[in-house]
Amino acid sequence: LRDPTWALCLGGAAGLLLLGKFGAWTSYLLLWVAAMGVLVGGLARRAGSETLSLGLMTAVILTGLVRFQFPVPTAQDRATAAYLSSVVRARGAPLLSAKLESLYVAVGQSEEIEGDGFPWLMREHAPGIEHIFERLVAERYRTVLVHPYALPLTAERVLAAHYAVVGVCDIGFWHRSYRYSIWVPRGEAASVELTPPAGAACAKSPPAASPR
């Protein structure tokens, strides 16, 4: 038990249970598989067989990599991402997108916010955060794309007061699937016509939002 690899393996296994709720378990699982390979190989080497050690270590790592394949986007995910990109490109800048920052490229705009960091910056009243709220109230953003809980409650209330949902799209990432709501200024909502292709996981009429 003095081998530090034990701590890596046991700690990694415990970490998977904690990190899984955030969807990050796949990445850490790959490290845990490698640690298990090193541990098994080390135990075999202490038994006096380097050949057995190398064989077992290789077998454990390869079995783990084959058994737990890293998830990749499906054809539906790619179709949905392409459709969302076409929607924001057609509507143009400025765009506000939380947790789907790659769409800023589609409108040639610098990243307005970073979804994970925005709540913390807002809580600390970081300089410039107030401009986000000013633009929401003035309905300057042509499109806002967010998934549930992507924005703090305060920002979500301001968004709902000045924007309307015209559609939703489910798009998968390497760790989980998110439902994104497509918001436009309330005065434009009636004239926005979404025509998602058959292969995209999008709908014009979103289900009723759950109360927060």
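General remarks:
- For the pair Ala190 and Glu101, a Förster radius of 30 Å applied to the C-beta separation gives a FRET efficiency near 0.55, rounded to the nearest 0.05.
- Looking at segment 68-161, the accessible area is 54 square angstrom per residue; that uses a 1.4 Å probe and ignores ligands, DNA and RNA.
- For segment 58-169, the carbon plus sulfur part of the accessible surface works out to 61%, probe radius 1.4 Å.
- Prolate/oblate/rounded call for segment 106-187, Cα gyration tensor, a/c under 1.5 rounded: oblate
- Local net charge near Leu103, Cβ-Cβ under 15 Å (Lys/Arg +1, Asp/Glu -1): 0
The values are calculated or read from the model by the stated rules, or taken from the named source; none is laboratory data. Remember, predicted model here, so these are calculated numbers, not experimental data. Cβ atoms come from the backbone with ideal geometry, glycine included; neighbour counts cover every protein chain shown. Surface accessibility is based on the protein's heavy atoms, side chains included, excluding ligands, DNA and RNA. Shrake-Rupley method; radii C 1.70, N 1.55, O 1.52, S 1.80 Å.
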